[in-house]
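I have placed the structure first, in the form of C-alpha cells, so that the comments after it can refer back to it.
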Amino acid sequence: MYRILLIDDEPNILAALRRVINNIAVREFDGQRPEVVACTDPREAIERFDDESFDLVISDLRMPGTDGISLLSQFAARQPTVARLLMSGYADLDAIIGAVNEAQVYRFIAKPWHERELRLAITQSLQVRSLQLENQRLADIVRAQQGRLVQHEAELQRLESENPGITRLHRDETGAIFIDEDDL
C-alpha cells in the first residue's frame with residue numbers, strides 16, 4: 001500500500017487533495033487505496049517523516065515558517081527514494097528552478113490545478129518511484145552476482161594453477177566434449 005504525505009497550511013487545500021487522490025482508480029495504486037496523511041504544520045510533517053516512511057510527498061511552496069523547497073530537500077535527505085511534488089499558487093520561476101535543483105521534485109503543480117493533470121502527476125510519480133526502486137533492486141542483484149563470478153573466476157584460476165589444463169575443454173566438430181585418451 002502506498003503512503004502519501006500532504007503538507008499545506010490551508011485545510012481546504014488538503015481536503016481537495018484528498019478528494020483528488022480518492023478519485024484516482026484503485027488499479028493505479030496497485031489495487032489498494034493509499035494511506036493519506038495530511039499536515040497543516042510543516043513541523044508536524046517533519047516529525048511524521050522522521051518516524052514513518054512515505055512513497056510520495058506533496059507540499060505547498062509557501063507556508064508559515066518554512067518553504068516547500070527546504071522541506072522537500074530535508075525529506076530527500078532523510079528518505080531519498082520518496083517521490084516529491086511541489087505546489088504553489090504563485091508563478092515564481094526561481095522557486096520552480098530551485099525546487100527542481102535543490103529538492104529534486106518530480107513535478108511542479110500550479111494552483112489552482114487541473115484535476116486530470118494532478119491525478120496524472122500523482123500516479124506517474126509513484127510509477128517512476130516504483131521503477132527506480134525496481135532498478136535499484138536489480139542492480140543490487142547484478143552486483144551480488146558479479147561478486148560471486150569474481151569468486152568463481154578466482155577459484156578457476158587457482159585450480160588451473162594447481163592442475164594446468166583442467167579448465168580447458170576440447171570439443172569435436174559437433175560441439176561435443178572430446179576426451180583424448182592421453183587426458184585420462
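Scanning the range 129-168 for residues that are loosely packed, with under 10 Cβ neighbours inside 10 Å and in a loop (DSSP other than H, G, I, E, B) yields N163, P164, G165, R168. Residues that are in a loop (DSSP other than H, G, I, E, B) and open to solvent by less than 30 Å² (accessible area, probe 1.4 Å) were ranked within the range 18-45; the one that is farthest from A76 (Cα to Cα) is I24. Does E117 count as surrounded by 10 or more Cβ atoms within 10 Å (Cβ to Cβ), under 20 Å from R18 (Cβ atoms) and without any contact (Cβ under 8 Å) to a residue 24 or more places away in the chain? Here the answer is yes, as E117 does meet what is asked.
One line per residue, one yes/no per condition, for (1) open to solvent by 70 Å² or more (accessible area, probe 1.4 Å); (2) under 17 Å from V105 (Cα atoms); (3) part of a helix (DSSP H, G or I):
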site	(1), (2), (3)
L5	no, yes, no
I13	no, no, yes
A16	no, no, yes
E47	yes, no, yes
V57	no, yes, no
S70	no, yes, yes
S73	no, yes, yes
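The values are calculated or read from the model by the stated rules, or taken from the named source; none is laboratory data. Computed from a predicted structure; not experimentally measured. Cβ sites come from the backbone with ideal geometry, for glycine too, and all protein chains shown count toward neighbours. Surface areas here come from the heavy atoms of the whole protein model, side chains and all, with no ligands, DNA or RNA. Shrake-Rupley method; radii C 1.70, N 1.55, O 1.52, S 1.80 Å.
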